[in-house]
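Reading through the structure tokens given below for one structure.
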Amino acid sequence: MPAQLQGQPFYFDDLVVGAEHAAATHVVTAQAIIEFAKIWDPQPWHVDEAFAATSIFGGLTACSAHIFSIFCITSQRWQSGVVQQVIAGLGFDEMRMHRPVYAGDTLRSLSIVEKARRSKSKPDRGIVTYNTQLINQNDELVFSVKASTLMARDPARQ
């Protein structure tokens, strides 16, 4: 089993509404910002360090698609080491970019269980909504989103 998938299974039945789950951190490098933006959002404040320094941002910043990608990878890696039994992502709501993400920032992910309900049509699964945040090294909120996910129920507790 790949390393990122090892750990104790965490099922829908294990969720507690209101619980906070700290997840992985990610260091944002200038090289990653530039490489990502060259493909997906080649604005000068994302790809040209000299230009970015004179922009309203005052430095190289990650594009929103890059920040969303960081959310996607970090939010899955809970520090508790459990493996969420996710079946599929169902959607994203209220996505916000609160502050710029700069080269050199270290982002940490925090997910809060906002809602959880058993599926009405499929008793072996449930739907959970997380309010997930990315917070920088200065404890400033830089990104937030509500993510709805379909999760497996624990076969032993159905």
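Structure notes:
- Among residues of region 77-97 being under 21 Å from Asp14 (Cα atoms) and assigned to a strand (DSSP E or B), the one that is modelled with the lowest pLDDT is Val83.
- Whichever residue in region 44-58 is among the aliphatic types (A, V, I, L, M) and in a helix (DSSP H, G or I) and, among such residues, is surrounded by the most Cβ atoms within 10 Å (Cβ to Cβ): Ala52
- If the condition is being buried (at least 17 other Cβ atoms within 10 Å of the Cβ) and under 19 Å from Ala22 (Cβ atoms), then region 102-112 contributes Asp105, Leu107, Arg108, Ser109, Leu110, Ser111.
- The sole residue among Thr25, Thr74 that is closer than 20 Å to Asp139 by Cα, outside any helix (DSSP H, G or I) and of a type in the set (Ser, Thr, Tyr) is Thr25.
- Any chance Thr61 is exposed (fewer than 14 other Cβ atoms within 10 Å of the Cβ), at pLDDT 95 or above and on the phi < 0 side of the Ramachandran plot: no
- Listed by first and then second residue, the pairs with beta-carbon distance under 6 Å, at least 6 apart or on different chains, first residue in region 81-110 and closer than 22 Å to Ala50 by Cα, second assigned to a loop (DSSP other than H, G, I, E, B) and of a type in the set (A, V, I, L, M), are Val101/Val28; Val101/Ala62; Ala103/Leu60; Asp105/Val28.
- Scope region 117-143; condition surrounded by 17 or more Cβ atoms within 10 Å (Cβ to Cβ) and either without any contact (Cβ under 8 Å) to a residue 40 or more places away in the chain or over 13 Å from Ile70 (Cβ atoms) (or both); matching residues: Arg125, Gly126, Ile127, Val128, Thr129, Tyr130, Asn131, Gln133, Ile135, Asn136
The values are calculated or read from the model by the stated rules, or taken from the named source; none is laboratory data. Computed from a predicted structure; not experimentally measured. Because the Cβ atoms are built from the backbone with ideal geometry, glycine has one as well, and the counts that use them run over all protein chains shown.
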